[in-house]
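Here the structure comes first, spelled out in C-alpha cells, and everything after it is commentary.
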Amino acid sequence: MVLRVAVISLHTSPLLQPGVGDSGGMNVYVRELVSSLSQIGIECTTFTRADREGLPAEVLVEPGHRVVHIEAGPHHLPKEALPDISDQFCHGVMDWIHANEKPDIIHGNYWLSGVVGHHLKHELNVPFVSTFHTLARVKAEGGDPEPKWRDRAEAEIIQCSDAICVSCVEEEEQFRRLYGDSLGRIEIVAPGVEHAFFTPGDQAGARRAINVDPDVPFILFVGRIQPLKGPDVAIRALAALGRPDAQLAIVGGASGRNGDVQASEAHALVDELGLHGQVHFIEPKPHHILSTWYRAADIVLVPSRSESFGLVALEAASCGVPVVASAVGGLLSLVDDGETGYLIDGRNPDNYADAMRRILDDSELAASMGKAGVERAKDYTWRAAAERLRDVYAELGAGTLVTCHGVGEEST
C-alpha cells in the first residue's frame with residue numbers, strides 16, 4: 001500500500017526561491033524533504049496558497065511529488081494577514097481532497113499550516129504531524145516577541161499533534177522546557193544537505209565566478225534581511241574586525257511587512273559605520289548557486305537570534321567553510337565549537353569579530369575547520385531524513401490518534 005501525505009505549507013511555496021519575501025530555509029526543507037519522500041515511494045501533495053495570478057492549479061514536480069495552489073484571499077497578502085484566510089484555505093484543501101483522494105497523514109509546516117492541519121485532522125480523522133520551524137516562545141526568548149494569539153494557536157496545535165518533529169536534541173530540550181510534554185510524540189528528524197551541490201571546491205575559481213578579489217578576506221551572510229537573522233550583527237562585526245580590506249556579502253532580500261524599512265536600516269548602518277565598499281547587498285540567488293558563494297568565502301556568519309536548525313550553517317560546512325554562529329537552537333548541534341567554527345554567546349559584535357580574526361589569521365586553523373566541517377556534514381542527508389519520517393508516519397498510522405478538545409479559535 002502506498003502511503004499518501006498531505007503536506008501543508010500555507011504561507012510559502014516550496015517552488016519559490018529562498019531569500020525572497022517570506023521564503024527561506026523552510027522552503028528548502030519542504031522541497032527537499034518531500035522530494036526525498038517521493039523517491040522512497042511515498043506520494044506527497046503539498047498544498048500552498050496561490051500568492052499571485054497565473055499560477056497553475058497543480059504542478060507535478062516529479063513522480064509522486066506535486067504542488068497544489070489553493071486560492072484563498074487576495075493574492076498579495078502580507079504574512080501577518082494570513083491567519084484571516086486560514087479557514088478559506090482549509091476549505092480549499094478539503095475541496096481538493098474530496099475531489100481526489102484522502103491522505104493517510106497530514107503534515108503541517110509552520111504554525112499557520114498547523115492551524116489548517118488541526119482542522120483537517122478533525123475532518124478526516126487521520127494522524128497529524130507538525131513541524132513548527134519557529135515557535136513564538138522561542139522567538140520571544142531571542143528578543144523577537146510574537147502576538148499572544150499566535151502562542152495560543154501553537155499551544156492548541158501542539159496538544160492535537162500526533163507527532164511533533166524537531167531537528168535535534170537541543171531543539172527537543174528547548175521545546176520541552178518552554179512547552180512541557182506534549183500529548184503526541186516528539187520525534188527528531190534532522191534535515192539534510194544536497195551533497196551533489198554543496199561540496200568543497202576551488203576558492204579562487206568560485207571568486208572569479210562571482211567577481212570577488214582573490215586576495216581579500218571574504219565573509220558571507222546568507223539570509224533574509226530581518227532582525228531574527230541578525231544582519232546588523234554581521235555588519236557591526238565587520239566594523240569591529242578592523243580590516244579595511246575585508247568584504248562582507250549579504251545575500252538575501254527584505255522580508256515581511258517591514259522588510260523595506262529593515263533593509264533601509266541595514267544600508268543606513270553601513271553608512272553610519274563607514275563601511276562603504278566593504279559591505280555588498282546581493283539579491284537572493286537560486287539555491288544551488290549558493291554553493292559558489294559558500295566556496296568563495298573564508299567564513300560564513302550565522303548570527304541568528306534563534307534558529308530551529310540552521311541550514312545555512314550546514315551548507316557552508318558541507319562546502320568546507322568555517323562557520324561563526326550564535327550559540328542558539330540547532331546551531332549548537334551543527335557547529336562544533338573550536339573544530340568546525342565558533343559558537344558565540346550573546347550578540348556582541350566584538351565577540352564575532354574576535355572569532356573571525358582567529359580564523360583569518362591562521363590559515364592552518366581555517367583549513368582544519370573546513371575539513372572537519374565537511375566530515376561533520378556527511379552525517380546529514382535528505383534521504384536519511386525521509387526514511388526517518390517514513391518510519392514515523394508508518395508508526396502513527398498503526399496507532400491511536402491523540403484526542404484533543406476540538407478546534408478552537410486559532411485563526412482569529
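Every read-out reported here was derived from the displayed coordinates using simple, explicitly stated rules and does not represent laboratory data. If you're wondering where the values come from, they're calculated on a predicted model, not measured in any experiment. A quick note on method: Cβ atoms are made from the backbone with ideal geometry, for glycine too, and the neighbour counts reach across all protein chains shown.
Rg/Rh for segment 203-377 (Cα atoms only, Rh after Kirkwood) is 0.93.
For the chain, the fraction of alpha-carbon pairs lying more than 32 Å apart is 34 percent, rounded to a whole number. Remark on Ala327: its backbone amide H falls under 5 Å from those of Ile344, Asp345, Gly346, a criterion applied only to residues 5 or more positions apart or on other chains, H modelled at 1.01 Å from N. The mean sequence distance of close C-alpha pairs (under 8 Å, at least 6 residues apart), as a share of the length of segment 141-251, puts its relative contact order at 21 percent.
Summary value for the chain: 18 percent relative contact order, contacts being C-alpha pairs under 8 angstrom separated by 6+ residues. Using only Cα atoms, find the angle between the long axis of helix 25-39 and the longest principal axis of the chain, and express it within 0 to 90 degrees, rounded to the nearest 10. That helix lies at roughly 60 degrees to the long axis. Dipole magnitude for segment 323-378: about 220 debye, using +1 per Lys or Arg Cβ and -1 per Asp or Glu Cβ, origin at the Cα centre.
Computed about its Cα centre, the charge dipole of segment 203-377 is approximately 460 debye, with only Lys, Arg, Asp and Glu carrying charge at their Cβ. Under 18 Å of direct C-alpha separation, and excluding same-chain neighbours fewer than eight residues apart, Lys229 reaches these aspartates and glutamates: Asp22, Glu141, Asp144, Glu146, Glu171, Asp260, Glu265, Glu283, Glu307, Glu315, Asp345, Asp350.
Here the gap between Glu339 and Arg52, fully extended at 0.36 nm per residue and compared with their Cα-Cα distance, gives a gain of 98.8 nm. Between His107 and Ala6, Val7, Ile8, Val129, the built amide H atoms are under 5 Å apart, and every one of these is 5 or more places off in sequence or on another chain.
Give the percent of DSSP beta bridges with both residues in segment 1-123 that are antiparallel, rounded to the nearest 5.
Details: 4 of 19 bridges.
Bridges in segment 1-123 that DSSP calls antiparallel: roughly 20 percent.
Compare the peptides 149-156, 199-206, 313-320 by average per-residue count of other Cβ atoms within 10 angstrom and give them in order, highest first.
On the way: 149-156: 18.4, 199-206: 15.5, 313-320: 28.2.
Highest-to-lowest ranking by the protection proxy: 313-320, 149-156, 199-206.
Considering only Val335, Ala317, Met356, the residue lying farthest towards the positive end of the dipole of segment 317-412 is Ala317, judged by Cα position with unit charges set on Cβ.
Length gained on full extension, Asn125 to Ile188: 20.3 nm, using 0.36 nm per residue less the C-alpha separation.
Could the peptides 349-355, 184-190 be put in order, highest first, of the mean number of other beta-carbon atoms found within 10 Å of their residues? Could the numbers behind the result be given before it?
On the way: 349-355: 20.1, 184-190: 18.3.
With the highest mean Cβ count within 10 Å placed first, the list reads 349-355, 184-190.
Relative to 2.2 N^0.38 Å, what does the C-alpha radius of gyration of segment 1-127 come to as a ratio? Two decimals please. List each step's numbers first, then the result.
On the way: Rg = 13.4 Å, N = 127, 2.2 N^0.38 = 13.9 Å.
Output field value: 0.97.
Axis of helix 231-241 versus longest Cα principal axis of the chain: the two differ by about 20°, to the nearest ten degrees. Close amide H partners of Leu248, meaning residues 5 or more places away or on another chain with modelled amide H under 5 Å apart, are Ile219, Val279, His280. When the pairs Lys148/Lys285; Lys79/Lys285; Lys102/Lys285 are compared against a 29 Å limit on Cα-Cα distance, Lys148/Lys285; Lys102/Lys285 fall above it.
For the chain, what is the calculated [θ] at 222 nm in deg cm²/dmol (nearest 500), taking -39500 (n - 2.57) for each run of four or more DSSP H residues and dividing by its residue count? Spell out each step's value before the answer.
Values: 15 runs with 168 residues, N = 412.
It comes out at -12500 deg cm²/dmol, rounded to the nearest 500.
Whole angstrom only: what separates the Cα centroid of segment 220-274 from the Cα centroid of segment 22-91? Between the Cα centre of segment 220-274 and that of segment 22-91, the gap is 30 Å.
Can you sort Tyr380, Tyr294 from fewest to most other Cβ atoms within 10 Å of each residue's own Cβ? Could you put the intermediate results ahead of the total?
On the way: Tyr380 21, Tyr294 26.
Taking fewest neighbouring Cβ atoms as first place, the list is Tyr380, Tyr294.
The label point for Ala99 and the one for Glu395, both projected 7 Å from the Cα toward the Cβ, are 3.7 nm apart. Residue-wise HN-Hα couplings along segment 100-111, as the Karplus relation 6.51 cos²θ - 1.76 cosθ + 1.60 with θ = phi - 60° gives them from phi, are 10, 8, 7, x, 8, 9, 10, 10, x, 10, 5, 5 Hz; Gly and Pro carry x. The angle between the Cα long axis of helix 363-377 and the longest principal axis of the Cα atoms of the chain comes to about 10 degrees, rounded to the nearest 10. Maximal additional length on extending the Val261-Val59 stretch stands at 69.3 nm, based on 0.36 nm per residue less the C-alpha distance.
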